[in-house]
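For reference, the structure is listed below as structure tokens.
What follows draws every value from the coordinates through simple rules; no lab data is involved. Quantities reported herein were computed from a predicted structural model and do not represent experimental measurements. For neighbour counting, all protein chains shown are included, and Cβ atoms are generated from backbone atoms with ideal geometry for every residue, glycine included.
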Amino acid sequence: MNKWQTFTKGLIKENPTFVLLLGMCPTLGTTTSAINGMGMGVATLFVLTMSNIVISLIKNYIPGKVRIPAFIVVIASMVTVLQLCMQAYVPALYETLGVFIPLIVVNCIILGRAEAFASKNGVFSSALDGLGIGCGFTLSLTVLGTVREMLGNGSIFGYKFIAGDGILLFVLAPGAFIALGYLLVIFNKLTAKMK
Amino acid sequence: MEYFVIIISAIFVNNIVLAQFLGICPFLGVSNKVSTSLGMGAAVTFVMAITSVVAYLLQYYVLVPLGIQYMQTIVFILVIAALVQMVEIILKKVSPSLYQALGVFLPLITTNCAVLGIAILLVQKSYNLGESVVFSVATAIGFSLALVLFAGIRERLELEDLPKAMKGVPIALITAGILAMAFMGFSGLV
Amino acid sequence: MESSLKNMVLTLFIITLVASGVLGLVYSVTEEPIQVAQQAKTTAALAEVLPAFDNNPAEGKMETEEAVIYTATNGGEVVGYAVETSTQKGFSGEIRMMVGFKPDGEIYNIQVLQHSETPGLGSKMTEPGNKLIVSFVGKNPADLKMSVKKDGGDIDALTASTISSRAYVDAVQRAYNAMQQMLGKSVIDSVSGATSTGDWEEENQKGGNHE
């Protein structure tokens, strides 16, 4: 696999949301609008890339049996760094995303990539892998956020295109499940055709 | 009265899975059979109750006095991971039958964001010790309720004739959406 | 790498040590910007909810149990009070807001500082010119029936967000009571007719079909 593929596989072929079905909690919880979805995606992208880099750097010094706890410490530190920086420089976004920022720690995507990729590959590939999967995650969260915001509020990235309200259900909890369900159906249909 | 409000709101109104979107992974993953979902629910209840006490004590007797609240995330996740391991070892020794029933679910709980979520939420809501325990047990019951209900529906869905693209997770999500809609009926209850 | 007890404990110890070191460092770097960001938010809210003033209201603030009161003066004369308070009755938790009063008790402006209401429904309380804010601005809570129209009061609720609207009214009421208490006046009668701040709280909790 060349470097380019390491990066692009995360976008479609191994898209964390639509194919691997990982990290569902932030996917559903934070996508009430396109901008929130994107914010969460970028936050995850940051943690994923950084933890992939660090883990691939220290992988040779960690005894096999304490691998997982060591990874968790690395990931949790990255998340805390992110938490502090967001509080300092983008407080509004930090408040909107709320409890889901600390919960990036338990996002299975990150531990999954650490275990499956970063612990076996070099620094550069691991960084690319993190970036790729992170972009895929950001992409799908932004798409889901846009769909929900369009249907639920009649706006895209905050710009209203209809007067009045949309189908409010889509900004509420049930709408998250239903929107993602139908997006998956569409995704499955499209990928089935490509094969 | 206060406790009653916390219980009702945690189980029905702000159901952790269907309204707060925490613990979705086990919700989608372990909900194929009613019996396994009951086991998972019991294991989560058990771990959450212990976590809430430990998280409370850590937050107010270690992190706050030392002024290192920013270490919250890292401390909580490590404690939960260690706790789950400990529960597993103790159960194995003390009650092998309970271990048989819950054992397989325990390792999965470490990465269940509902558990870490609850620890963070009860600090955010500044509950006292009693309220924390009640809140976390009620939340876990809400989790189990959603899980069992959903498993019941999915057992039947298995037999349905669905379009190929909808099979599996997509239809499960749409079903969960309808279930969440039903739970919205509880809003305004408290 | 081979696992032995010694190297396992050692590696974990070193990793945790380095991690806490890095976190401590980042914390000390971000501590100041975080405070600045929070202060900036308060200052912006104060400027928003008060008439023009030339002192620094944050200096002479008074803190009571459930509110922080800022006094604004212009040329030595009191031009208004800003009360920061919160309510737990929101649809999904706490709502914090800053209410600006003129010295005679008339509401000058209101700003919601923090909330977690449903986007598109309860979140409309933050939009300028929403029904709630229009119902309050320029009025004196002493002359208003402080509850939503559905409950027989004078306040227009947000569409399909009765619970959020009730919480909003509740917070404004708290702010007003806190200000009156500070000024040493008796607290006005509210929804249930009680004169203390404690009793009428339960009254708002029943009923409501949607948010």
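Per the Debye formula on identical point scatterers at the alpha carbon atoms of the protein assembly as shown, with no solvent, log10 I(q)/I(0) at q = 0.06, 0.10, 0.13 Å⁻¹ is -0.34, -0.94, -1.49. Here the scattering of the stretch A:3-194 is modelled by Debye summation over its C-alpha atoms, one equal scatterer each and no solvent; at q = 0.11, 0.17 Å⁻¹ the log10 of I(q)/I(0) is -0.51, -1.08.
Would you mind estimating how fast the stretch B:1-108 diffuses translationally, via Stokes-Einstein at 4 °C and 1.567 mPa s with the Kirkwood radius over Cα pairs, in µm²/s? Approximately 82 µm²/s, per Stokes-Einstein.
For the pair C:A40 and B:D161, label points projected 7 Å from Cα toward Cβ lie 6.2 nm apart. Among the listed pairs A:K9/A:K120; B:K33/B:K164; C:K124/C:K145; A:K160/C:K149; C:K61/C:K102; C:K41/C:K102, those whose Cα-Cα separation exceeds 26 Å are A:K160/C:K149. Shielding value for A:100-113 is 4, the average number of Cβ atoms from other chains within 10 Å of each residue's Cβ. Evaluate the distance, in nm, between pseudo-label points positioned 7 Å from the Cα of A:E95 and of A:D165 along their respective Cα→Cβ axes. The modelled label-to-label distance comes out at 2.3 nm. Spin-label pair C:D154-B:V53: with each label point 7 Å from Cα along the Cα-Cβ axis, the two points sit 5.3 nm from one another. The calculated FRET efficiency for A:E115 paired with B:Q124, based on their beta-carbon distance and R0 = 22 Å, is about 0.15. The distance linking the stretch C:61-113 with the stretch A:131-164 is 35 Å (Cα centroid to Cα centroid, whole angstrom).
Residues of the stretch B:72-98 with an amide N closer than 18 Å to a point placed 7 Å from the Cα of B:V64 along the Cα-to-Cβ direction: B:72-73, B:75-76.
Which distance in Å, rounded to a whole number, links the C-alpha centroids of the stretch C:132-153 and the stretch A:21-78? Going from one Cα centre to the other spans 48 Å. Stokes-Einstein at 37 °C, 0.692 mPa s, Kirkwood radius from Cα pairs: D for the stretch A:53-133 in µm² s⁻¹? My calculation gives 243 µm²/s for D. Amide H contacts of C:K89 (H built 1.01 Å from N, in plane; Pro and chain starts excluded): C:I95 sit under 5 Å, all sequence-distant by 5 or more or on other chains. If you sort the three axes of the alpha carbon gyration tensor as a ≥ b ≥ c, you get a/c of 1.5 or more for the stretch A:95-195 and a/b above b/c, which makes it prolate.
Entry note: the stretch C:50-196 has Rg to Rh equal to 0.96, where both radii use alpha-carbon atoms and Rh is the Kirkwood radius. Count Lys and Arg as plus one, Asp and Glu as minus one, and take only other residues whose Cβ is under 13 Å from that of B:S52; the net charge is then 0. The ratio of the alpha-carbon radius of gyration of chain B to the globular-protein estimate 2.2 N^0.38 Å is 1.08.
Listed peptides B:133-140, A:132-139 appear in the order A:132-139, B:133-140 once ranked by packing, highest mean of other Cβ atoms within 10 Å at the front. Other residues with beta-carbon under 13 Å from the beta-carbon of A:G136 carry, at +1 per Lys or Arg and -1 per Asp or Glu, a net charge of +1.
May I ask what percent, to the nearest 5, of DSSP beta bridges between residues of the protein assembly as shown are antiparallel? The answer is about 95 percent antiparallel.
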